[in-house]
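So the structure is just underneath, and the comments pick up after that.
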Amino acid sequence: MTEPRIEFVFGQVNEQLGSELNSFWIEQGKSFQDELRLFRNASSHSHALEHVDAPKKLISRQPAAISRDQSGAINGIVFVVLRELEVSLNLGTHTYFQRMYIIPESRNPRLANQLFRAFLQGFDRAAEQRDHRAKVLLAENINPGLQKASMRRYFSRLGFQMLGGNQLGGEVWCKKLETRFCF
């Protein structure tokens, strides 16, 4: 099995990569949305966690890490969305909200782990490129496969803490971010 090529791309999207990402979402966008809908329907009301209010206004959305198959085509992506937060959460005024998608024919635990870890390592090192107002990274684990004890231990080992559930049945996890304020 060939090693996937994983790239941290946060803040580094040139015209070529932008075109590739656009093509990826044209091909995979419906599948991604259908899967989200399926997970939301399957997991709504599936647990009794304390509910976490959804982040407010979307400010920006950008890719953070990608994986490529043997042919060089993008087969997985982690993207982040910068959003305003509800003050009542006591997590600051802004957050990065993370989501990952790997095309069905490329999915396997090893690729998911490598892509997610590459994203986290790169995102931790990219403190100067991130918006300094965002003090936390939020992850919504809506896939029922991620709502198992073993996956909860995995997220804890990566520095995440569970905040609770959301109205769509997903688990909301939080990881503190190092921030640097630059003039």
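The values are calculated or read from the model by the stated rules, or taken from the named source; none is laboratory data. For clarity, every value in this text was computed on a predicted model and none was experimentally measured. So basically every Cβ, Gly included, is an ideal-geometry build from the backbone, and we count neighbours across all protein chains shown. Accessible surface is based on the protein model in full, side chains and every heavy atom, while ligands, DNA and RNA are left aside. Shrake-Rupley method; radii C 1.70, N 1.55, O 1.52, S 1.80 Å.
Scanning segment 1-21 for residues that are of a type in the set (Val, Ile, Thr) and surrounded by 13 or more Cβ atoms within 10 Å (Cβ to Cβ) yields Ile6, Val9, Val13. Entry remark, segment 134-152: residues being open to solvent by less than 30 Å² (accessible area, probe 1.4 Å), in contact (Cβ under 8 Å) with a residue 40 or more places away in the chain, not in a loop (DSSP other than H, G, I, E, B) and not small (Gly, Ala, Ser) number 4 in total. For Ile77, the criteria (1) more than 20 Å from Gln33 (Cα to Cα); (2) not in a loop (DSSP other than H, G, I, E, B) hold in every case but one, which is (1).
Annotation: Arg130 fulfils all but one of (1) of a type in the set (Lys, Arg); (2) open to solvent by 60 Å² or more (accessible area, probe 1.4 Å); (3) closer than 19 Å to Gly11 by Cα; the unmet one is (2). In segment 22-34, the count of residues that are assigned to a helix (DSSP H, G or I), at pLDDT 90 or above, small (Gly, Ala, Ser) and open to solvent by 40 Å² or more (accessible area, probe 1.4 Å) is one or more.
Candidates in segment 159-173 are the residues that are farther than 16 Å from Val78 by Cα and hydrophobic (A, V, I, L, M, F, W, C); of these, the one that is modelled with the highest pLDDT is Phe160.
With respect to being at pLDDT below 80, open to solvent by 30 Å² or more (accessible area, probe 1.4 Å) and outside any loop (DSSP other than H, G, I, E, B), Leu38 fits the description. Of the residues making up segment 104-126, those that are open to solvent by 100 Å² or more (accessible area, probe 1.4 Å) and either within 15 Å of the chain's Cα centre (by Cα) or within 18 Å of Ala139 (Cα to Cα) (or both) are Pro109, Gln121.
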